[in-house]
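Trainee: After the structure tokens below, expect a handful of questions from me.
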Amino acid sequence: MRDSAFDGLDEKSFFDRVQAKFVEKAPDLSQSLNIAIIGKVSSGKSSLINALLKLSRRKALEIAKVGAVSGVTKDLTILKLDEKVYLIDSPGLDDVRAENSEVTKNFLRHIDVGIFVVTGSSDASQKKSLDDLRQHCDSFFVVLNKIDEWDDLDPTVVDDVVNQWKNDLKVDKIYPTCTKGYDPKSRNPKMDIRGVFPLRNAIEEFLEKKGKDLLLARHMAEKQSYGVKIIAVALIAVAGQAFIPGSAAFITATQAVAIGSLYYLYTGKVLSSKAALAILPTFLAETAGSSLFLFVKSFLPPTGVFDVAAAGVAVVITLALLATVNSILSSDAKLEQEELLRSKFRSYHEQAKDVLRDLALTDIRDLPEWKVLVSKFLGGL
Ligand SMILES: Nc1nc2c(ncn2[C@@H]2O[C@H](COP(=O)(O)OP(=O)(O)O)[C@@H](O)[C@H]2O)c(=O)[nH]1
Ligand SMILES: [Mg+2]
């Protein structure tokens with residue numbers, strides 16, 4: 001039995017194994033996240049925050065109203081996105097220090113991400129402010145905003161300006177952006193957003209390493225693309241680990257962790273391992289109300305020994321499960337609606353079988369390919 005997917009486990013020890021794997025793999029959502037956006041007044045810091053969060057102009061006004069903690073210092077804006085996530089928009093860290101409140105003191109104790117925003121032609125005198133920021137945060141990103149200012153000039157001009165800034169600030173990388181269109185007083189309400197995607201990606205990549213990417217993604221106005229990523233990551237794990245002994249526990253934990261992540265993304269609430277695992281049997285009418293063990297056995301081969309076909313089945317089930325959860329949560333419905341959950345699952349399951357039938361698992365190798373597949377899948381119903 002050594003090479004079986006269940007590794008000879010009985011029901012109780014199987015559940016314990018899954019729960020342990022869940023705890024090991026789930027992100028710690030009780031961590032805090034502090035992001036500082038530093039740059040001169042009117043460089044577009046607030047606009048950049050809105051663009052990073054994919055907010056529309058209307059949403060941007062809402063967040064400023066709801067989340068802002070009023071500061072003593074005139075040019076300091078503190079955005080409290082939730083109890084654990086703070087964004088501070090300020091000309092420099094000195095202004096944050098001057099505020100000297102509980103919130104700013106806590107913030108200065110640990111800054112995860114520093115974003116330094118400059119505009120216009122290079123100015124070496126800003127290096128001091130950047131160095132101050134660098135010393136206080138785990139990672140930093142330099143942004144040259146308002147690149148639309150050079151739209152009438154030859155495109156090489158922006159490149160030259162970027163290089164000059166790199167040289168003066170002594171940094172290897174600068175993200176050129178445009179974040180025009182958030183100003184409610186603007187006479188031209190057209191949004192002109194450029195260069196924000198690579199910046200958001202780089203920040204996300206860094207946060208991922210610290211298990212903090214969900215803390216920020218949760219506040220994006222458009223969450224589907226992050227949902228796609230959660231599902232793609234789970235599918236890669238299932239496809240890759242299907243053949244190892246004890247993989248049933250691994251696969252089940254992977255599914256439950258992804259459900260927990262989707263749950264946090266859409267609701268902002270943490271789902272316990274018990275609650276996440278309790279949802280799984282409800283997907284199938286035959287296993288609803290009974291155990292997780294029966295549910296897992298219903299789709300894994302009876303011998304419990306994995307082969308290519310079984311791995312394909314596990315991927316198909318995982319895709320259908322997570323697409324169902326994504327669809328229910330993104331439409332503000334509740335996972336407790338078991339009938340809805342089962343009927344959605346049935347149609348996603350049929351669709352997933354169709355999509356993956358002609359596809360060898362080895363055809364899809366990396367995360368971008370899985371993301372494309374999941375994205376098409378979610379958009380295709
Ligand atoms: N031309 C241009 N204007 C921008 C851009 N980003 C923001 N603005 C404008 O610059 C002004 C200051 O923006 P704001 O985000 O409040 O800057 P902050 O003071 O640094 O927070 C506003 O009128 C914005 O509409 C941009 O990329 N290009
Ligand atoms: Mg501002």
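The values are calculated or read from the model by the stated rules, or taken from the named source; none is laboratory data. Since the model is a prediction, treat every value here as computed from it, not as a measurement. Every residue, glycine as well, gets a Cβ built from its backbone with ideal geometry; the counts of neighbours run over all protein chains shown.
Trainee: So Asp160 fits all but one of (1) in a helix (DSSP H, G or I); (2) away from ligand 1 (no atom under 16 Å from the Cβ); (3) in contact (Cβ under 8 Å) with a residue 40 or more places away in the chain; what number is the exception?
Mentor: The one condition Asp160 does not meet is (3).
Trainee: Suppose we filter the stretch 7-41 for residues that are part of a loop (DSSP other than H, G, I, E, B) and touching a residue at least 24 places away in the same chain (Cβ under 8 Å); how many remain?
Mentor: Within the stretch 7-41, residues that are part of a loop (DSSP other than H, G, I, E, B) and touching a residue at least 24 places away in the same chain (Cβ under 8 Å) number 11.
Trainee: For the structure I just gave you, tell me whether Ala311 is over 24 Å from the mean Cα position of the chain (by Cα), modelled with pLDDT under 85 and crowded, with 20+ Cβ neighbours inside 10 Å.
Mentor: Spelling it out, Ala311 is indeed over 24 Å from the mean Cα position of the chain (by Cα), modelled with pLDDT under 85 and crowded, with 20+ Cβ neighbours inside 10 Å.
Trainee: What pairs can you find where one residue is in the stretch 201-215 and under 16 Å from Val143 (Cβ atoms), the other is outside any helix (DSSP H, G or I), and their Cβ atoms are less than 7 Å apart, with a gap of 6+ or different chains?
Mentor: Correct list of pairs: Ala202/Phe141; Ile203/Val113; Ile203/Phe141; Phe206/Val113; Phe206/Ser139.
Trainee: Is there a residue in the stretch 351-364 that is modelled with pLDDT of 85 or more and under 20 Å from Val257 (Cα atoms)?
Mentor: Looking for residues that are modelled with pLDDT of 85 or more and under 20 Å from Val257 (Cα atoms), one finds none in the stretch 351-364, hence no.
Trainee: Suppose we filter Lys371, Lys334, Lys353 for residues that are outside any helix (DSSP H, G or I) and in the same structural domain as Tyr266 (by TED's automatic domain parsing); which single one remains? Full working, then the answer.
Mentor: Numbers: Lys371 fails: outside any helix (DSSP H, G or I); Lys353 fails: outside any helix (DSSP H, G or I).
Only one candidate qualifies: Lys334.
Trainee: Collect the residues in the stretch 114-138 that are polar (S, T, N, Q) and in a strand (DSSP E or B), keeping them in residue-number order. First the steps, then the outcome.
Mentor: Filtering the stretch 114-138 for residues polar (S, T, N, Q) gives 119, 121-122, 125-126, 129, 135.
Answer for the stretch 114-138, where residues must be polar (S, T, N, Q) and in a strand (DSSP E or B): just Thr119.
Trainee: Could you tell me which of the residues Leu199, Leu215, Leu207, Leu235 is hydrophobic (A, V, I, L, M, F, W, C), more than 15 Å from ligand 1 (Cβ to nearest atom), in contact with a strand residue (DSSP E or B) (Cβ under 6 Å, 6 or more places away or on another chain) and in a helix (DSSP H, G or I)? Walk me through how you get there before you give the answer.
Mentor: Working: Leu199 fails: more than 15 Å from ligand 1 (Cβ to nearest atom); Leu207 fails: in contact with a strand residue (DSSP E or B) (Cβ under 6 Å, 6 or more places away or on another chain); Leu235 fails: in contact with a strand residue (DSSP E or B) (Cβ under 6 Å, 6 or more places away or on another chain).
The match here is Leu215.
Trainee: From the set of residues in the stretch 227-247 that are at pLDDT below 95 and not aliphatic (A, V, I, L, M), which is farthest from the chain's Cα centre (by Cα)?
Mentor: The selected residue is Pro245.
Trainee: Here's something else I'd like to know. Scanning the stretch 45-64 for residues that are among the charged types (D, E, K, R) and either within 14 Å of ligand 2 (Cβ to nearest atom) or part of a loop (DSSP other than H, G, I, E, B) (or both), which turns out modelled with the highest pLDDT?
Mentor: Within the stretch 45-64, the match that is modelled with the highest pLDDT is Lys45.
Trainee: Mind telling me which of the residues Asp183, Asp172 ends up being in contact (Cβ under 8 Å) with a residue 60 or more places away in the chain, more than 25 Å from Leu378 (Cβ to Cβ) and surrounded by fewer than 16 Cβ atoms within 10 Å (Cβ to Cβ)?
Mentor: Details: Asp172 fails: in contact (Cβ under 8 Å) with a residue 60 or more places away in the chain.
Only one candidate qualifies: Asp183.
Trainee: With Ala253, Ala258, Ala275 as the choices, which residue is assigned to a helix (DSSP H, G or I), without any contact (Cβ under 8 Å) to a residue 12 or more places away in the chain and under 17 Å from Pro27 (Cα atoms)?
Mentor: Working: Ala253 fails: without any contact (Cβ under 8 Å) to a residue 12 or more places away in the chain; Ala258 fails: without any contact (Cβ under 8 Å) to a residue 12 or more places away in the chain.
Just one listed residue meets the conditions, Ala275.
Trainee: Any chance you could count how many residues in the stretch 139-157 are in a loop (DSSP other than H, G, I, E, B) and near ligand 1 (Cβ under 10 Å from one of its atoms)?
Mentor: Total satisfying the criteria: 2.
Trainee: For the list (1) more than 16 Å from ligand 1 (Cβ to nearest atom); (2) among the hydrophobic types (A, V, I, L, M, F, W, C); (3) in contact (Cβ under 8 Å) with a residue 40 or more places away in the chain; (4) surrounded by 13 or more Cβ atoms within 10 Å (Cβ to Cβ), I need the number of the one condition that Ala124 fails.
Mentor: Result: Ala124 fails condition (4) only.
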